[in-house]
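The values are calculated or read from the model by the stated rules, or taken from the named source; none is laboratory data. Note that this is a predicted model, so its numbers are computed, not measured. Don't worry about glycine lacking a Cβ; one is built from the backbone with ideal geometry, like all the others, and counts go over all protein chains shown. These accessible areas exclude ligands, DNA and RNA; they are computed on the full protein's heavy atoms, side chains included. Shrake-Rupley method; radii C 1.70, N 1.55, O 1.52, S 1.80 Å.
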Amino acid sequence: MVQRLRYIIILMFVAMHFGMNAQQAPMFTNYSNSYATVNPGFGGLSEGVNVMGIFRDQWTGFQDVNGNKIAPQTLLFSGDMPVRALRGGLSLGIMKDKIEFENNVNVNIGYSYHLDLGPGILGIGLSFAMVNRSVDFGQFYPTNSNDPIIPKGEQSSMLIDGNFGLFWQIPETFYVGFSVTNLFESKGKELIGTASSSASFIGDRTLYFMAGYQYQFSNPLYVLMPSLCLMSDIASTQINVGAKLQYNEKFWFGLNYRYQESVAAMVGIKIKDVQISYSYDINTLGIAVQGSHEVCVSYLFKMDLDKSPRIYRSIRYL
């Protein structure tokens, strides 16, 4: 199975005349913690500076036939804060995504304009995105080593693109958002220096839809927080449905179902303004790969924003 998967990956690169897109953008089990990265409209919708780091080790220990570690690993750092003078908020995200011999480093700098809309606040956001995408083709072993279609050595390219997002929330009650990343699907340099080839790195446009709700039980110590996140690059769609049960704003546990891929258990604890979350994904793909670990640590630095009576907490910081 491992060898078959390796050949499938190689064939993806052989089909170069269609251009080269990366694998589908990574999705975290703690996806509600990463909204500011995929939806610039979310930036600053909190009562202070939110900083957060997530590490995801997918299919832990997965190796190819040569013993090379090819399990996908993703590391994300992000931060966002409200800026009253700008009538909105700012966000910054830095993500490193590695799968087999491909590496992507993504940097997003965003601004969100906040607009009072009905009982809630609408964030309208734009972000500037830079993606450095690289693949070491020297690590692949095709059947025909002299195949001119497959590039030689390590190839890399810097892509410049943009993201757009809308995020509307009723504080401590409900939120819904829509966003598009890699909006322009920018194209990088050609991978093969021949006139007959147009193979190149291409930004993968991805659509996101997210929604969540907070249900307050009669006992105020308990809060149920169901959530939904859909991600699609048109060629494929990933659906996540989950829920967390929070106790006394300090502890929580939950479950997440990723359609036709995994079921995850989540636990977390809040110590003052520091939140620590852990999740483990149980693979349901039907192939012999192990589960996935994910750790998230976030910190909220509260600010005196002299807000209107509609004081609220960050929906992400729960």
First in the range 207-224 and touching a residue at least 12 places away in the same chain (Cβ under 8 Å) and within 30 Å of residue 185 (Cα to Cα), second anywhere and aromatic (Phe, Trp, Tyr) and in a strand (DSSP E or B), Cβ under 6 Å, 6 or more apart:
209/178; 212/175
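State whether one or more residues within the range 181-193 are at pLDDT below 80, more than 25 Å from residue 232 (Cβ to Cβ) and assigned to a strand (DSSP E or B).
Taking the range 181-193 as the starting set, the residues that turn out to be at pLDDT below 80 are 188-193.
Now drop any that are not more than 25 Å from residue 232 (Cβ to Cβ), which leaves 189-193.
Retained after the next criterion (residues that are assigned to a strand (DSSP E or B)): 189-190.
Yes, there is a match, as at least one residue in the range 181-193 is at pLDDT below 80, more than 25 Å from residue 232 (Cβ to Cβ) and assigned to a strand (DSSP E or B).
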Of 201, 174, which residue is at pLDDT below 90 and of a type in the set (Phe, Trp, Tyr)?
201
Considering only the range 122-138, I want to know if a residue exists there that is modelled with pLDDT of 95 or more, within 30 Å of residue 213 (Cβ to Cβ), open to solvent by 80 Å² or more (accessible area, probe 1.4 Å) and in a strand (DSSP E or B).
yes
Tell me, please, whether a residue that is open to solvent by less than 60 Å² (accessible area, probe 1.4 Å), in a strand (DSSP E or B) and either of a type outside the set (Gly, Ala, Ser) or in contact with a Gly (Cβ under 9 Å, 6 or more places away or on another chain) (or both) can be found in the range 66-76.
yes
Considering every residue within the range 103-114, establish whether at least one is in a strand (DSSP E or B), within 14 Å of residue 167 (Cβ to Cβ) and either more than 20 Å from the chain's Cα centre (by Cα) or of a type in the set (Lys, Arg) (or both).
yes
Only one of these is modelled with pLDDT of 80 or more, aromatic (Phe, Trp, Tyr) and not in a loop (DSSP other than H, G, I, E, B): 28, 55. Name it.
55
Please go through the range 256-270 and pick out each residue that is closer than 14 Å to residue 295 by Cβ, open to solvent by 40 Å² or more (accessible area, probe 1.4 Å) and of a type outside the set (A, V, I, L, M).
none
Give the number of residues within the range 285-318 that are surrounded by 14 or more Cβ atoms within 10 Å (Cβ to Cβ) and either at pLDDT 70 or above or hydroxyl-bearing (Ser, Thr, Tyr) (or both).
16
Hey, could you check the range 59-81 for residues that are aromatic (Phe, Trp, Tyr) and farther than 30 Å from residue 112 by Cα and say which is modelled with the highest pLDDT?
59
Tell me, yes or no, whether the range 234-246 has at least one residue that is among the charged types (D, E, K, R) and at pLDDT below 95.
no
Quick check: anything in the range 146-159 in a strand (DSSP E or B), open to solvent by 30 Å² or more (accessible area, probe 1.4 Å) and at pLDDT 95 or above?
no
If you check every pair at least six apart or on different chains, which have Cβ atoms under 8 Å apart with a residue in the range 266-280 that is more than 18 Å from residue 242 (Cα to Cα) and touching a residue at least 12 places away in the same chain (Cβ under 8 Å) first and a residue that is in a strand (DSSP E or B) and open to solvent by 80 Å² or more (accessible area, probe 1.4 Å) second?
270/251; 273/299; 273/301; 273/302; 274/299; 275/299
So residue 249, is it within 30 Å of residue 133 (Cβ to Cβ) and at pLDDT 85 or above
no
One residue from 202, 234 being on the phi < 0 side of the Ramachandran plot and of a type in the set (Val, Ile, Thr):
202
